[in-house]
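Asks: Have a look at the structure that comes next, please.
What follows draws every value from the coordinates through simple rules; no lab data is involved. Since we're looking at a predicted model, the values are computed, not measured. Ideal geometry is used to build each Cβ from the backbone, glycine not excepted, and the neighbour counts take in all protein chains shown.
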Amino acid sequence: MARPVEPPPTSWVFPPPATADEDGLVGIGADLEPGTLLGAYRRGLFPMPAGRGRVPAWWSPDPRGVIPLHGLRITRSLRRSCERYQIGVDTAFEAVLHACADPRRPGAWIDRRMRAAYLRLHELGWAHSIEAWTPDGELAGGLYGVAIGGLFAGESMFHRGRDASKVALVELCARVLEAGFRLIDVQEETEHLASLGQVLVRRADYLDVLAVLRDRPAPLAVDRRPVARLAG
């Protein structure tokens, strides 16, 4: 697999994550250029628009939600669902991105500028999608995120079919383990992810692990192997 293309570095200087307010907000402003986004992730920040103007805002919550790679909860029902779908990796990134950005979804936050920014990251080889497909070739669900070193920063997921986003997460865990990753960052606690094994860690501990992982080469396997081979 080709190595991702390193973009020009950002001209912005981010405040330290420890300066975040009680909501995890570190700063507002800057841009969404590839170098800025990668610089933020490497410092333990992630973007999410804020305010009426939907300006870029940068967050580092404490505690931080992560998925332990060996701690994903796979129920019997979910194992059966894994047999129901076929998996694609980076075969429909833009479709997954648009589905995650659907403004009809509760709490929708992915606007046009965010979509364009992650599409550029995908074109450079940093952002990836995991897709769950029906046997008839319909996109039933998926997720996308950013792979940096030994970190996969999950951004959003969606489903149209039963358990489809969960199946994509099962596959993601298998793929990142296979590639030598050590951490899946899911940012903040949600009831949905908690049911799958999400845990909360202190910001300081997350940043310590990130400092070790962010420069490790760990290419994500991109092919269409059935999820059952990896989740079985």
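Asks: Rounded, prolate or oblate: which one fits region 17-59, using the alpha carbon gyration tensor with axes a ≥ b ≥ c (rounded when a/c is under 1.5, else prolate when a/b beats b/c, else oblate)?
Replies: Verdict is oblate for region 17-59.
Asks: Ok, one more. What number, in percent, do you get for the relative contact order of region 62-142 if the mean sequence gap of Cα pairs under 8 Å and at least 6 apart is divided by its residue count?
Replies: Worked out over region 62-142, it gives 35 percent.
Asks: Let me ask something else. Mean Kyte-Doolittle hydropathy of -0.5 or higher plus an axial Cα length of 20 Å or more: which whole DSSP H helices in the chain meet both?
Replies: 164-179
Asks: Taking +1 at the Cβ of each Lys and Arg and -1 at the Cβ of each Asp and Glu, which of MET157, LEU78, PRO63 sits farthest along the dipole of the chain towards its positive end, judged by Cα position relative to the Cα centre?
Replies: LEU78
Asks: Nearest 20 debye, what's the magnitude of the dipole of the chain about its Cα centre given +1 on Lys and Arg Cβ and -1 on Asp and Glu Cβ?
Replies: Dipole about the Cα centre, nearest 20: 460 debye.
Asks: A further question follows. Among ASP215, ASP62, ASP163, whose mean-square fluctuation peaks in a Gaussian network model of the chain (Cα, cutoff 10 Å)?
Replies: ASP215
Asks: Find the relative contact order for region 124-185 and round it to a whole percent, using C-alpha pairs within less than 8 Å whose residues are 6+ positions apart.
Replies: Relative contact order comes out at 31 percent.
Asks: While we're on this one: Which whole-angstrom value gives the distance between the alpha carbon centres of region 149-197 and region 1-45?
Replies: With region 149-197 and region 1-45 each reduced to a Cα centre, they are spaced 21 Å.
Asks: While we're looking at this one, here's another question. Can you match Kirkwood radius over Cα pairs in Å to one of these, [x] 16.7; [y] 22.0; [z] 17.8, based on a calculation from the structure here?
Replies: [z]
Asks: Same structure, new question: So what is the calculated 222 nm ellipticity per residue for the chain, using -39500 (n - 2.57) for each DSSP H run with n of 4 or more, over all residues, to the nearest 500 deg cm²/dmol?
Replies: So the helix-based figure for the chain works out to -9000 deg cm²/dmol.
Asks: Can you tell me, using C-alpha contacts under 8 Å and at least 6 residues apart, the relative contact order of the chain as a whole percent?
Replies: 26
Asks: Separate question: In nm, to one decimal, how far is the modelled label at SER77 from the one at ARG105, with both set 7 Å along Cα→Cβ?
Replies: Inter-label distance under the simple model: 2.1 nm.
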